[in-house]
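Below: the structure, in structure tokens.
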Amino acid sequence: MPVLNAVYSSVEDDPALRGKVKMISIDVGNTGNEIDSFKREYKVLYPVLSDLPFIVHKALGNPRVPYTILVKKNMKGDVVVDAHQGEIGSPDSVLHNIKSSLSETISFSAPSRKSKGHKP
């Protein structure tokens, strides 16, 4: 948890990221009391949600945990930008991926002026 706490703190301390990046944890198969205990024990700074019935876990294909994904919302919906199986070695790699995904621009084609239904 120290690595993810460091990522969360860095995001919250960076004006370019704060408000644009949301970090949550989804705890698979644990109750609210178990999550509260976990958060206290490891001093988790970010929100932790429960997936007691394994709904999210199954939707992701039953990955081994820890499993980290970076999702970017765009005009067409949510897009998985990065996924990592296992522990994360350094907050720097996660922050690099976050910043890279935010700096990527998504190009959309403007409708042609000659398209049907266009009135000059």
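Where a number appears in this text, it was derived from the coordinates with a stated rule and is not lab data. Predicted model only: the values in this text are computed from it and were never measured. Here the Cβ positions follow ideal geometry from the backbone for every residue, glycine too, while neighbour counts run over all protein chains shown.
Out of curiosity, is PRO63 touching a strand residue (DSSP E or B) at 6+ places or on another chain (Cβ under 8 Å) and either small (Gly, Ala, Ser) or surrounded by 13 or more Cβ atoms within 10 Å (Cβ to Cβ) (or both)? So PRO63 fits the description; yes. Looking at this structure, is ILE55 among the aliphatic types (A, V, I, L, M), loosely packed, with under 15 Cβ neighbours inside 10 Å and more than 14 Å from the chain's Cα centre (by Cα)? The answer is yes for ILE55. Summed over the range 36-74, the residues that are farther than 26 Å from SER10 by Cα and part of a strand (DSSP E or B) give a count of 1.
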